[in-house]
Amino acid sequence: KRKFDHFLLDVMNLYNPTNPFHNFYHAFSVLHVTFMIISTTDALGQVLNLHDIFSMLVAAICHDVDHPGVSNSYLIKTKDERALMYNDISVLENYHAATTFRLLSN
């Protein structure tokens with residue numbers, strides 16, 4: 001429980017509160033919708049196991065973690081280091097996934 005609490009705090013702290021859309025409130029909203037879809041369908045036990053559901057909830061809360069507030073196109077055009085790192089392919093998506101894996105490995 002303590003590790004997960006620290007993980008959630010790290011995730012929350014990486015969402016920029018001044019970002020008008022890609023902030024922690026948005027992430028929590030996506031988490032809530034994901035939880036509601038899972039809990040109001042027959043997915044639990046029928047299709048998904050607890051590990052699947054946990055993974056989906058982590059993905060929901062982290063889907064825009066550390067979002068810079070600009071688009072992939074902007075990052076590519078400005079030759080941002082993230083665009084270079086991910087070879088201009090799904091830059092933010094790759095960055096969010098890598099950031100999530102980095103947080104999970106801590």
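The values are calculated or read from the model by the stated rules, or taken from the named source; none is laboratory data. Predicted model, so just to flag it, every value in this text is computed and none were measured. For neighbour counting, all protein chains shown are included, and Cβ atoms are generated from backbone atoms with ideal geometry for every residue, glycine included. These area figures cover heavy atoms from the full protein model, side chains too; ligands, DNA and RNA do not enter into them. Shrake-Rupley method; radii C 1.70, N 1.55, O 1.52, S 1.80 Å.
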**OP:** All but one of (1) more than 21 Å from Lys1 (Cβ to Cβ); (2) part of a helix (DSSP H, G or I); (3) of a type outside the set (Asp, Glu) hold for Val58, so report the exception by its number.
**Re:** (1)
Original post:
Residues in segment 33-67 that are open to solvent by less than 100 Å² (accessible area, probe 1.4 Å) and either under 13 Å from the mean Cα position of the chain (by Cα) or of a type in the set (Phe, Trp, Tyr) (or both): how many?
Top reply: 14
Original post:
When residues of segment 70-106 are filtered for being surrounded by 13 or more Cβ atoms within 10 Å (Cβ to Cβ) and either of a type in the set (Val, Ile, Thr) or assigned to a loop (DSSP other than H, G, I, E, B) (or both), how many remain?
Top reply: 8
**OP:** For segment 4-17, indicate whether the set of residues that are in contact (Cβ under 8 Å) with a residue 24 or more places away in the chain, surrounded by 11 or more Cβ atoms within 10 Å (Cβ to Cβ), touching an Asp or Glu at 6+ places or on another chain (Cβ under 8 Å) and not in a helix (DSSP H, G or I) is non-empty.
**Re:** yes
**OP:** Can you confirm whether segment 35-47 contains a residue that is touching a residue at least 12 places away in the same chain (Cβ under 8 Å) and within 23 Å of Phe24 (Cβ to Cβ)?
**Re:** yes
Original post:
If only one of Asp42, Asp80, Asp64 is modelled with pLDDT under 95 and either over 26 Å from Phe4 (Cα atoms) or not aromatic (Phe, Trp, Tyr) (or both), which one is it?
Top reply: Asp42
